[in-house]
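I have placed the structure first, in the form of structure tokens, so that the comments after it can refer back to it.
The values are calculated or read from the model by the stated rules, or taken from the named source; none is laboratory data. This one's a predicted model, so the numbers in the text were calculated from it and none came from an experiment. Cβ: placed from backbone, ideal geometry, glycine included. Neighbour counts: every protein chain shown. The accessibility values were calculated without ligands, DNA or RNA, using every heavy atom of the protein model including side chains. Shrake-Rupley method; radii C 1.70, N 1.55, O 1.52, S 1.80 Å.
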There are 2 protein chains.
Amino acid sequence: MKNKNTRPARTGKAVLLYEGKTKNVYILENGNYLLKFKDDVTGQNGVFDPGANVVGLSIEGIGNLNLRMSIFFFEKLRVAGIQTHFVSANLENSTMEVLPAKVFGKGIEVICRRRAVGSFLRRYGDFIEEGAPLPSYVEMTLKDDDRSDPLVTRDGLIDLGIMSGKQYDDIKKKTQEIAKIVADCLLEKGMELYDIKLEFGCNGDEIILIDEISSGNMRVYRDGKYIEPISLSELFLK
Amino acid sequence: MKNKNTRPARTGKAVLLYEGKTKNVYILENGNYLLKFKDDVTGQNGVFDPGANVVGLSIEGIGNLNLRMSIFFFEKLRVAGIQTHFVSANLENSTMEVLPAKVFGKGIEVICRRRAVGSFLRRYGDFIEEGAPLPSYVEMTLKDDDRSDPLVTRDGLIDLGIMSGKQYDDIKKKTQEIAKIVADCLLEKGMELYDIKLEFGCNGDEIILIDEISSGNMRVYRDGKYIEPISLSELFLK
């Protein structure tokens, strides 16, 4: 396969493993993976919605912005001693080399909510006002498009054989730490993190953060007003 | 109010507090409540569905059957040292006198699942076969018809201010114990409990089982075949 857009200079041959909604995944000769950030974003009816399960539109340059934002946060986490799958990046090609990692089940989304918006508010709106603070509440959903990514409890994950209680507690703690770091970085720029969606995997015995940390994975507000992901990337990286 | 059907002989005046889907609730002069079991059952399109949120049909005598089954189990739980709201019953009037209890939030449904069927299977069918055994898995949902009784995690209940972690753990333990007792009683009659839905409330500092334990709150199978609630009541009480 000869494709200058997907072949990183130093890792030799890259073989396409699968095409994702917003990223393509290649396997490299050294056993690592290469993520190619695409300009496709999830949404419906032409409106960007990071929680949507379908690709709604294409925005030129968004893949590169997402990669740059991810690198920024992965570097911050490295300094804080939190393990991620990040190895290196090629900004010109919008690619990131990452460690291999085995996901839990068919993939779990881990959400940290610092304020009540989105599906949390839709579910529990009888008990909480929109935008009310939450003490870094963490919840997990199964990645299952056909079943609209169902919420799953700690006991559910254990009884379904997806993860152990110890792994759940470890991921919950890591998620709260990561959300705090992201929130602090945003606060420095006058913005507030309301919620963030993360993914984890196992690299050997270690649980590491995988996927990306970009504007498409979080809800951020400024002066109580929601910032669209594309504006967020631009505001954050400028 | 003079209504011979709802006024128990020994407690004097009973004042209607509210009309429920399957039971009316009266307050008694002694501070306790009187539950009048109705012949209305939940369901849709004329089909009995204990999980439904609307009254679908009326079945003569079902209220009395539900009361008799509840009394049976409440007596069993009393012997086992598990506190319930049950005080006494009047079979002729299909009424049960119960202790006052404050529900959690606007009411929580606590489900114990011993085999994967129903909404659990709909949510997690990608990871478990229909009817596969579960180790007395417990989950809680908010009673909120408008939001289709959403699932809520232990952390969610704590952060929404609905119950403490200690209360959650206590209710979970009690639910597993009660489900075991109900399952054992059914097993003696050649039937198997797949899941059961319970409700709890606080009587002072104590968490007690409230509502009822009847065929409408559980899924029971015999030789791998589901038993309709009305048949279940009849089979169980004969």
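Ordered from highest to lowest accessible area with the whole protein assembly present and a 1.4 Å probe, B:29, B:75 read as B:29, B:75.
Between B and A, buried accessible area from a 1.4 angstrom probe totals roughly 2500 Å², ignoring ligands, DNA and RNA. Split the accessible area of the stretch A:102-237 by element, probe 1.4 Å, and carbon with sulfur accounts for 44%.
Checked against a 18 Å cut-off, the cross-linked pairs A:143/A:197; B:23/B:143; A:76/A:180; B:189/B:238; A:197/B:143; B:13/B:102 give Cα-Cα distances beyond that limit for A:197/B:143; B:13/B:102. Between residue A:103 and the same site in the other copies, what are the distances in nm, shortest first, taking label points 7 Å from Cα along the C-beta direction? Residue A:103 label point versus its equivalents elsewhere: 3.8 nm. Per residue, the protein assembly as shown exposes 46 Å² of accessible surface when a 1.4 Å probe is rolled over the protein heavy atoms with every protein chain present. For chain B, with a Gaussian network of springs between Cα atoms less than 10 Å apart, report the residue from B:78, B:113, B:147 with the top mean-square fluctuation. Per the Cα network of chain B with a 10 Å cutoff, B:147 tops the list.
Distance between the C-alpha centres of the stretch A:174-220 and the stretch A:83-161: 10 Å, rounded to the whole angstrom. Counting Cβ atoms of other protein chains within 10 Å of each Cβ in B:123-131 and taking the mean gives 5.
Rounded to the nearest whole Hz, the Karplus-based 3J(HN,Hα) values (6.51 cos²θ - 1.76 cosθ + 1.60, θ = phi - 60°) of the stretch B:109-125 follow the sequence 9, 10, 10, 10, 10, 9, 9, 7, 9, x, 5, 4, 5, 4, 6, 10, x, with x at glycine and proline. In the stretch B:147-170, burial by the other protein chains removes 40 Å² or more of 1.4 Å probe accessible surface, compared with the chain on its own, from B:147, B:151, B:153, B:155, B:159, B:160. Here is how far apart the residue A:39 label points are across copies: 7.0 nm, shortest first, using a point 7 Å from Cα toward Cβ. Note on residue A:102 and residue A:13: the extension gain reaches 29.8 nm, defined as 0.36 nm multiplied by sequence separation minus the Cα-Cα distance. When you filter the GluC sites (Glu not before Pro) in the stretch B:96-168 for DSSP loop state and at most 16 other Cβ atoms inside 10 Å of their Cβ, you are left with B:129, B:130. When the Cα gyration tensor is reduced to axis lengths a ≥ b ≥ c, the ratio a/c is 1.5 or higher for the stretch B:83-228, and with a/b not above b/c it is classed as oblate. Summary value for the stretch A:26-149: 19 percent relative contact order, contacts being C-alpha pairs under 8 angstrom separated by 6+ residues.
Only protein heavy atoms count here; on that basis, with a 1.4 Å probe, residue A:39 has an accessible area of about 50 Å².
Distances between copies of residue B:16, taken at a point 7 Å out from Cα along the Cα→Cβ vector and listed shortest first: 6.9 nm. Working from Cα pairs under 8 Å separated by at least six residues, relative contact order for chain A is 18 percent. Given R0 = 45 Å, the distance between the Cβ atoms of residue B:53 and residue A:164 translates into a calculated FRET efficiency of 0.80. Note on residue B:148 and residue B:45: the model spin-label points, each 7 Å out from Cα along the C-beta direction, lie 1.6 nm apart. Under 5 Å between amide hydrogens, built in the peptide plane, is the criterion, and for residue B:20 it picks out B:25 among residues at least 5 positions away or on other chains. Extension gain, residue B:25 to residue B:80: 0.36 nm times the residue separation minus the Cα-Cα distance gives 17.1 nm. If you run the Gaussian network model on chain A, springs between alpha carbon atoms under 10 Å, then out of A:59, A:178, A:162 the most flexible one is A:59. Take residue A:108: with every protein chain present and a 1.4 Å probe, its accessible area is about 10 Å². Between residue B:122 and residue A:180, the simple label model (points 7 Å from Cα in the Cβ direction) yields a spacing of 3.9 nm.
Between B:197, B:143, B:166, the Gaussian network model of chain B with springs among Cα atoms under 10 angstrom shows the greatest mean-square fluctuation at B:166.
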